[in-house]
């Protein structure tokens, strides 16, 4: 499922940066992000496909979003200097 990952085809200069941040996530968090946003799966579908509870999916997504937000903010601060 998580073979070689390529940058999705999207417009916008920041997609490469966002994709780099996704790839820096641990496997558990990266999987839920990819299934949710690239696979367009519901939270229940992700839980079923990964064999985990809905609560775990929500927790992993929240953690992934928090980590991504922090990394992107850190990147913006570095770029501003």
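The values are calculated or read from the model by the stated rules, or taken from the named source; none is laboratory data. Note that the structure is predicted; figures quoted are calculated from it, not measured. Every residue, glycine among them, receives a Cβ derived from its backbone with ideal geometry; neighbour counts consider all protein chains shown.
Taking residue 41 as the residue in question, decide whether it is touching a helix residue (DSSP H, G or I) at 6+ places or on another chain (Cβ under 8 Å) and surrounded by 15 or more Cβ atoms within 10 Å (Cβ to Cβ). Give the derivation first.
Details: touching a helix residue (DSSP H, G or I) at 6+ places or on another chain (Cβ under 8 Å): yes; surrounded by 15 or more Cβ atoms within 10 Å (Cβ to Cβ): yes.
It is true that residue 41 is touching a helix residue (DSSP H, G or I) at 6+ places or on another chain (Cβ under 8 Å) and surrounded by 15 or more Cβ atoms within 10 Å (Cβ to Cβ).
Residues of the range 1-28 being modelled with pLDDT of 95 or more and more than 18 Å from residue 75 (Cβ to Cβ), which ones?
Within the range 1-28, 26, 27, 28 qualify.
Does residue 47 satisfy being at pLDDT 95 or above and under 18 Å from residue 24 (Cα atoms)? Show your work before the answer.
Values: at pLDDT 95 or above: yes; under 18 Å from residue 24 (Cα atoms): no.
Against the criterion (at pLDDT 95 or above and under 18 Å from residue 24 (Cα atoms)), residue 47 does not qualify.
To keep it simple, each residue is scored yes or no on (1) within 25 Å of residue 17 (Cβ to Cβ); (2) touching a strand residue (DSSP E or B) at 6+ places or on another chain (Cβ under 6 Å); (3) in a helix (DSSP H, G or I).
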| site | (1), (2), (3) |
| --- | --- |
| 35 | yes, no, yes |
| 41 | yes, no, no |
| 44 | no, no, yes |
| 49 | no, no, yes |
| 60 | yes, no, yes |
| 65 | yes, no, yes |
| 74 | yes, no, yes |
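So, of the residues in the range 29-38 that are at pLDDT 95 or above and over 20 Å from residue 76 (Cβ atoms), which turns out to be surrounded by the most Cβ atoms within 10 Å (Cβ to Cβ)? Walk me through how you get there before you give the answer.
Pass one, the range 29-38, residues at pLDDT 95 or above: 29-36.
Narrowing further to those that are over 20 Å from residue 76 (Cβ atoms): 29-32, 34-36.
Details: 29: 21, 30: 17, 31: 21, 32: 26, 34: 20, 35: 21, 36: 18.
Here the answer is 32.
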